[in-house]
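The values are calculated or read from the model by the stated rules, or taken from the named source; none is laboratory data. On a predicted model such as this, the values are computed, not experimentally measured, just so you know. When we count neighbours, we look across all protein chains shown, and the Cβ atoms used for this are built from the backbone with ideal geometry, even at glycine. Calculation scope for accessible area: heavy atoms of the full protein, side chains included, ligands and nucleic acids excluded. Shrake-Rupley method; radii C 1.70, N 1.55, O 1.52, S 1.80 Å.
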Amino acid sequence: MAYGSVRGMRDILPEETPYWTRLEMGIREVARLYNYREIRPPLVEQTDLFSRGIGEATDVVTKEMYTFPDKKGRSLTLRPEATASVVRAYVEHGLHIREPFQKLYYIGPMFRYEKPQKGRSRQFHQYGVEAIGSIDPTLDVEVISFAWELMNSLGLSGLSLRLNSIGCAADHPRYREVLQDHFSRNLDSLCTDCLRRYEENPLRILDCKNATCRSQIEAAPGSADHLCKDCADHFAAVREHLDRLHLSYTVDPRLVRGLDYYTRTVFELVSADLGAQDALLGGGRYDDLVKMVGGPATPAVGFAGGMERLILVLQGKSATTMEKPRLDLFLATLGEGGRALALELAKSLRSRRISVDLDYRGRALRKQISQANRLGTRYLLVIGDDETAAGKGRLKEMDSGEECEVALTPTGISETILISGGKDGT
Ligand code: HAM
């Protein structure tokens, strides 16, 4: 019987992993520059954390969660996002007692039962940052600046940031009423999901992608026009700081984001290269979530981005920007003696930080050399009986075709490679 991977959950094959490694390194470097520390919550949480934290009326909770009972009948869920988990960890471990202000980041898989398509899968990966413990608008701007910094460091262009404020918990009922009033004039043209959203939380109608709902959504009143004074001032300050840092954005008055925990600032970074699933990342403030999860009232802001989508954009860029990792040395061998010596040399050279591979299948020399070429090796050394007996061989630099004689000792080989390859041999 042949097995396939589960629909919407795919293997990341070795040709692709260099993109992932590069992206992960880029994220960690920006996190270092911005002083965010890594947190690694588990992949599974109590279902209630998500249904309450993300919101009972959201698509994520109503349709997309992988929820199952454990052997004791407790309801568990594969995490559809990490903000709720990070907040749970912040409260559970008393991070707020040790240091109420925490800047955290994470990288890892998330699970949502959505219809798979380009840029959307059921197991996908997010990186994200959560800055917990301040309501100051400069923190919103730092988080947005982190996002731009990462995009710049990856050399991405053609991106735009959509920004809005949806106000605080006190503003939401007012804005819901305004929306209900707007949509009530044309209820017939709303899809069945939106009819439910109309009753449960009309803000969620604004997330709908359905074409007939869209025309009404585009005419809906914007949230930023229904903010209390504090929230309006906060939003103005966020924009002012963004302007000062020359971080570009456009205000999208109907951007509300699909999760219920948001308050005040919300934003999304979109790429023109992505088609329907164009949101590279999204985030905002969630000033009430820490309290909802059982901690003290603590404001917070963060964002998360989909790594598959970012990699799609990176792969679309010219191949020159993504260098394949190269093998330093391939040892082609002839005969048992050659292979035994090669195995020994490989071990010593690797401990000197030189990457080495050799033939393990007793293949013909010609085939070993084509394998070395496929691997894009920088150096090739053939070790046969003659070389073993003489204790010397010819090291070929593949790019230039130049050869030189080396002693078949770890030092003999490594000195030549390290000197001409400019590697630090520490
Ligand atoms: P979100 O908008 O649900 O926000 O997801 C953030 C990003 O994850 C999206 O912009 C997209 O790039 C990616 N993404 C979401 N679903 C999928 C999927 N099925 N396949 C591929 N990529 C996907 C959150 O998750 C919030 N926790 C963000 C946040 C952090 N807000 C505050 N802090």
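D for region 172-291, whole µm²/s, Stokes-Einstein with Kirkwood Rh over alpha-carbon pairs at 10 °C and 1.306 mPa s: what number?
Values: Rh = 15.6 Å.
Using the Kirkwood radius from Cα pairs, D works out to 102 µm²/s.
Tell me, what ³J(HN,Hα) does each residue in region 12-17 have, in order and in whole Hz, if you take phi through Karplus 6.51 cos²θ - 1.76 cosθ + 1.60 with θ = phi - 60° and put x for Gly and Pro?
My calculation for region 12-17 gives 9, 7, x, 5, 8, 4 Hz in order.
What order, most packed first, do the peptides 397-409, 159-171 have when packing is the mean number of other Cβ atoms within 10 Å of each residue?
159-171, 397-409
Normalise the Cα radius of gyration of region 329-419 by 2.2 N^0.38 Å (N = residues in it) and let me know the number.
0.96
Please list, or write none, the aspartates and glutamates whose alpha carbon is within less than 15 Å of the alpha carbon of K317, excluding same-chain residues fewer than 8 places away.
Within the straight-line limit of under 15 Å, K317 reaches these aspartates and glutamates: E16, D273, E308.
For a quick check: with amide H placed at 1.01 Å from N, whose amide H comes under 5 Å from K392's, ignoring anything fewer than 5 positions away on the same chain?
L408
Any lysines with Cα under 23 Å of the K63 Cα? List them, leaving off those in the same chain fewer than 8 positions away.
K115, K118, K209
Sort 133-139, 7-13 by packing, meaning the average of other beta carbons within 10 Å per residue, with the highest value first.
Put in order of decreasing packing, that is 133-139, 7-13.
Work out from phi, with θ = phi - 60° and the Karplus expression 6.51 cos²θ - 1.76 cosθ + 1.60, the ³J(HN,Hα) of each residue of region 96-101, listed in order in whole Hz, and give x for Gly and Pro.
Each residue's phi maps through the Karplus curve to give 5, 7, 5, 7, x, 9 Hz.
Helix-only mean residue ellipticity at 222 nm, the chain, DSSP H runs n ≥ 4 weighted -39,500 (n - 2.57), per residue, nearest 500. What is it? Walk me through the numbers on the way to the answer.
Working: 15 runs with 163 residues, N = 426.
Rounded to the nearest 500, it is -11500 deg cm²/dmol.
Per residue, what accessible area does region 329-419 have, given a 1.4 Å probe and all protein chains present, in Å²?
Working: 4850 Å² over 91 residues.
I get 53 Å² per residue for region 329-419.
Can you give me the accessible area per residue for region 135-282, using a 1.4 Å probe, in Å²?
Working: 6450 Å² over 148 residues.
Averaged over the residues of region 135-282, the accessible area is 44 Å².
Taking only Cα atoms, what is the 0 to 90° angle, nearest 10, from helix 171-184's long axis to the longest principal axis of the chain?
With rounding to tens, the tilt is 80 degrees.
Counting DSSP beta bridges with both partners in region 329-419, what percentage is antiparallel, nearest 5?
Details: 8 of 16 bridges.
For region 329-419, the DSSP antiparallel bridge percentage is about 50.
Could the peptides 175-184, 50-59 be put in order, highest first, of the mean number of other beta-carbon atoms found within 10 Å of their residues?
50-59, 175-184
Using the 2.2 N^0.38 Å rule of thumb for compact globular proteins, work out how the chain stacks up: its C-alpha Rg over that value, please.
Rounded to two decimals, the normalised Rg is 1.26.
Using only the Cα atoms of region 1-143, what are the Rg and Dmax in Å?
In order Rg, Dmax, the Cα atoms of region 1-143 give 17.0, 58 Å.
³J(HN,Hα) across region 61-75 via Karplus (A = 6.51, B = -1.76, C = 1.60, θ = phi - 60°), whole Hz, x for Gly/Pro?
Values per residue, Gly and Pro as x: 7, 6, 10, 10, 7, 8, 10, 8, x, 7, 5, 9, x, 7, 7 Hz.
Compute the relative contact order of region 329-419 as a whole-number percentage, counting only Cα pairs closer than 8 Å that sit 6 or more residues apart in sequence. Working shown, then result.
Numbers: 134 pairs, mean separation 28.9, N = 91.
Relative contact order, region 329-419: 32 percent.
So how compact is region 268-402: Cα radius of gyration and Dmax in angstrom?
25.7, 77
Once the dipole of the chain is set up with Lys and Arg at +1 and Asp and Glu at -1 on Cβ about the Cα centre, which of G376, M307, L139 lies farthest towards its positive end?
It is G376, whose Cα lies furthest towards the positive end.
Over the chain, what percent of the accessible surface lies on carbon and sulfur atoms, probe 1.4 Å?
51 percent
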